[in-house]
Amino acid sequence: MKPKIAFFDFASCEGCQLQIANLEESVIDVVGLVDIVAFREVMKEASDDYDIAIVEGSIARPIDVERLKKIRENASILIAFGTCAHLGGIQRLSNQWTPQENKEEVYGRHEGAEHTGDDNPFFEQPRHRALDEVVDVDYVIPGCPVNREEVGKVLVAILTGKKPPIPDYPVCVECKKKENVCMFEIGKFCMGPLARAGCGAPCPTAGNECEGCRGFVSDPHVKAHTEVLAKYGLTADDIMRRKNMFTYRYIEKSKGGE
């Protein structure tokens, strides 16, 4: 029998799940190997009988923790799907402040903000966390959003007992292959020396700085990176102060926040 796959979402925009719908013809390769039994974005039916759970989103509330643990109990394989599930997402930046501070920054202090009062349980949530900070995660498909071509390749690899083809080298490699002008050369900051490749470097190719949405490589060449930064009058701290949209998890870890 074909393995049964279920999709789930927590705090996220659900854009990664939409990438599955955007697989177009490639989805046939995946659907031919599995039965999708739960996928709120594209189907009404849902089942708790599944082998593989693909989970998008960060974990923010106690109810999320309990729900994720139940998903983990039901699944033989759990895949963290996208940056929010992998690193905690952009919303993890809110961990720098208290729920009260976040509330006042968004709603301010004025008449009409009564629904944001301190007795509102929405503002009692703990800090945002990645899935593997709550349960065991078997595989990660990184990115914001995930790369739809990579999704198909990774799922086929997992289903056929092969190692998922997730690159573990920096985005700089892909930029060089595309003969892109280095962002540092034009006075911009870039996470490319640290960021995990596999996306095809679409941001630098379009003249935008890499934000590291796929996380860092597991063993960065620190000396080489330091030399590159020094060449442009920068330090690693300069980069991390400027570029933490997707990588605040690493900053929390360096501060002992995990």
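What follows draws every value from the coordinates through simple rules; no lab data is involved. Note that the coordinates shown come from a computational prediction; the quantities given were computed from them, not determined experimentally. Glycine gets a Cβ as well: all are built from the backbone with ideal geometry, and neighbour counts include every protein chain shown.
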Next item on the list: Compare the peptides 4-10, 55-61, 159-165 by average per-residue count of other Cβ atoms within 10 angstrom and give them in order, highest first.
Entry: 55-61, 4-10, 159-165
Checklist line | DSSP-defined antiparallel bridges as percent of all bridges, the chain, nearest 5 | finding: 25 percent
Check: So who's got an amide H within less than 5 Å of the one on residue 182, skipping anything under 5 residues away but keeping other chains? H placed 1.01 Å off N, in plane.
Finding: none
Margin query: Please give the charge dipole size of region 141-194, origin at the Cα centre, charges +1 on K and R Cβ atoms and -1 on D and E Cβ atoms. Round to the nearest 20 debye.
Written below: 140 debye
Margin query: Over the chain, with a Gaussian network built from C-alpha contacts below 10 Å, which listed residue (198, 212, 32) shows the highest mean-square fluctuation?
Written below: 32
Check: Mean residue ellipticity at 222 nm from the helices of the chain, using -39,500 (n - 2.57) per DSSP H segment of n ≥ 4 over the full residue count, to the nearest 500 deg cm²/dmol?
Finding: -9000 deg cm²/dmol
Next item on the list: Counting other Cβ atoms within 10 Å, keep those with at most 12, restrict to DSSP loop, and tell me which GluC sites (Glu not before Pro) in region 146-210 are left.
Entry: 179
Notebook entry, point to check: Expressed in nm to one decimal, what extension gain is obtained for the pair residue 138 and residue 48 from 0.36 nm per residue of sequence separation less their Cα-Cα distance?
Noted result: 30.5 nm
Check: Looking at region 43-109, which trypsin sites (Lys or Arg not before Pro) are in a loop (DSSP not H, G, I, E or B) and have at most 14 other Cβ atoms within 10 Å?
Finding: 44, 109
Notebook entry, point to check: In a shell of Cβ-Cβ distance under 14 Å around residue 228, excluding residue 228 itself, what net charge do Lys and Arg (+1) and Asp and Glu (-1) give?
Noted result: +1
